[in-house]
Amino acid sequence: MSTKQVLFAGFGGQGILFTGKFLAYEGLLSGREVSWLPSYGPEMRGGTANCSVILSDTPVGSPIVTNPDILIAMNLPSLDKYEDATVSGGQIFVDSSLIERKVKRSDVEANYIPATKLAADENLTGLANMIILGKVLRHTELMDYKNVGRAMAKIVSAKRKNLYDLNLKAIELGYSYE
Amino acid sequence: MSEKVLMKGNEAIAEAAIMAGCRHYFGYPITPQTEIAAYMSKRMPQIDGVFLQAESEIAAINMVIGVSSTGKHVMTSSSSPGISLKSEGLSYLAGCDLPAFVVNVQRGGPGLGGIQPSQSDYWQATRASGHGDFRRIVLAPDSVQEMVSLTFKGFDLADKYRMTTLLLADGTIGQMMEPVSLDMGEVTKYEKPWAVTGTKGIRKPNIVNSLFLQPEVLEKYNIERYERYKTVEENEVMYEEYMMDDAEFCIVAFGIAARVAKNAIKQAREKGIKAGMIRPITLWPFPKAALAKAAEKVRAFISVELSMGQMIDDVELSIRCKKPVILCSRVGGMIPTPENVLAALDEAGKIGG
């Protein structure tokens, strides 16, 4: 893969920025060029939040993802806003427990996972972001799945072993979801 | 330290300042640069430094004047409205010939404006934040790595020329994360015989002052200062040339606009349009000679800015209006897209002769 432009989009509080950070760290650890750019309103929770992550084998130009290769939509406004911007042949991942409609485009690959519901069912409240990320890792070549642990160790401190385990469990759940 | 780490632009400024020997930070929180203060509040106590959240931006810049008078490295940071408040102090720093490092992570204006990225403080940075005849060195990073290297260099330039160095960033570069190397090398130590460090009963007291009531004396200081500025203009211009060898169109852009422009240039080249870029890294001194030289061979210039057209003045002055200059801009927190730049290139193709 040469350059992949990824856009995570949803509400503030869903862990949008954290998910992007995880991916950016994995890119760094793999020796790739990466950029991570948040975009959000003044409020900490409840507002719209999105996060542009670019992984590339060549230096990253603009860090702003306007036409994602991979879109992760965690609420309806995000899907409405970015579905048409996704590149032809791109991939869209939808949290189907929060977004009732299907992807309208026929020239992109659509993937659905009820991440928020799975998180609630499996006692992983607040980790829908990592569940949907697991699904993304299964269907893309963004990173080698065996490396999830080392990237997680970079962003969850060793003192919080419990959180580390829960995040990995959430990724695994999404990865193996059929 | 050669291993790369992933850092936010704002945090990278703070860490680089510490590496440059800064142990005094004074500031007042304002989006989108608050991470600088947050980082300093955590790091300074660990290294026996001073982090102080002042009661206002005005207080913070005056604390900078105080510490700089003692010859120590010192900084403050803010975003657009906060820099306006610091203007008086910036003028006093110049009048006292004190080194200082100041950061502006710009947001949209005027007034309180918004909290999204902007470059609309270009005139303020390069012309007039504060009264009187004076200049300051203005550095414009376009990556998190340059947030580090230009902060480190900024402290050096401030000491070397007894001037304020202003790091003019924007909300995007401040908020984004990229891998950075923090390997910066040694800090150069400058003699500061003017510093107020206590006479110990041996030498004559030093006085740091900007009040000179005799016009002959004040004129002399102004002229001496401008001779120093001339040395800066001769020695410290920095810029990056990107695909300029065969360029017919020269984009001029700094900061985040330059990153967008690079994408646009690649796309233009795929369509057979020979675009290139001169990216000023120092906004003052501006890379006048490089632009004048480019004016000999390109058909037109395009100034890409997150403002209503401010840097475009310096582009036109540099090339003595020899070639058409087109403005490509978005404002208010909006960022030009590569498509906006491509449209400007199309326009340039029609009028450039």
Number of the condition not met by residue A:48 [criteria: (1) modelled with pLDDT of 95 or more; (2) under 25 Å from residue B:256 (Cβ atoms); (3) more than 10 Å from every other protein chain (Cβ to nearest Cβ)]: (1)
The stretch A:10-41: number of residues that are among the hydrophobic types (A, V, I, L, M, F, W, C), free of Cβ contacts under 8 Å to residues at least 60 places away in the same chain and more than 7 Å from chain B (Cβ to nearest Cβ): 1
Going by the structure shown, is residue A:128 in contact (Cβ under 8 Å) with a residue 60 or more places away in the chain and within 14 Å of chain B (Cβ to nearest Cβ)? no
Those residues of the stretch A:153-178 which are more than 14 Å from every other protein chain (Cβ to nearest Cβ), touching a residue at least 40 places away in the same chain (Cβ under 8 Å), within 25 Å of residue A:69 (Cβ to Cβ) and surrounded by fewer than 20 Cβ atoms within 10 Å (Cβ to Cβ), in sequence order: A:175, A:176, A:177
Kindly provide the set of residues from the stretch B:329-353 that are without any contact (Cβ under 8 Å) to a residue 40 or more places away in the chain and not in a helix (DSSP H, G or I), ordered by number. B:329, B:330
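Would you check if there is a residue in the stretch A:87-101 being among the charged types (D, E, K, R), without any contact (Cβ under 8 Å) to a residue 40 or more places away in the chain and within 12 Å of chain B (Cβ to nearest Cβ)?
Looking through the stretch A:87-101, none of the residues is among the charged types (D, E, K, R), without any contact (Cβ under 8 Å) to a residue 40 or more places away in the chain and within 12 Å of chain B (Cβ to nearest Cβ).
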Against the condition in contact with a helix residue (DSSP H, G or I) (Cβ under 8 Å, 6 or more places away or on another chain) and surrounded by 18 or more Cβ atoms within 10 Å (Cβ to Cβ), how does residue A:23 come out, does it pass? yes
Look at the stretch B:85-128 and say how many of its residues are over 18 Å from residue B:225 (Cα atoms) and of a type in the set (Asp, Glu). 2
Would you check if there is a residue in the stretch B:50-71 being more than 17 Å from residue B:165 (Cα to Cα), in contact with a His (Cβ under 9 Å, 6 or more places away or on another chain) and not aliphatic (A, V, I, L, M)? yes
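Going through B:272, B:276 one at a time, which residue ends up being within 25 Å of residue A:56 (Cα to Cα) and touching a Phe, Trp or Tyr at 6+ places or on another chain (Cβ under 9 Å)?
The match here is B:276.
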Just to confirm my filter: which helices (runs of 4 or more DSSP H) fall fully inside the stretch A:66-178 and include at least 1 residues that are of a type outside the set (A, V, I, L, M, F, W, C) and over 23 Å from residue A:48 (Cβ atoms)? A:115-121, A:128-139, A:148-155, A:161-176
Expected single match for farther than 18 Å from residue A:25 by Cα, at pLDDT below 95 and either out of contact with any strand residue (DSSP E or B) (no Cβ under 8 Å at 6 or more places or on another chain) or basic (Lys, Arg) (or both) among A:161, A:154, A:135 is A:161
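The values are calculated or read from the model by the stated rules, or taken from the named source; none is laboratory data. What you see is a predicted model; the values in this text were computed from it and never measured. Neighbour counts are summed over all protein chains in view; Cβ atoms, including those assigned to glycine, are modelled from backbone coordinates with ideal geometry.
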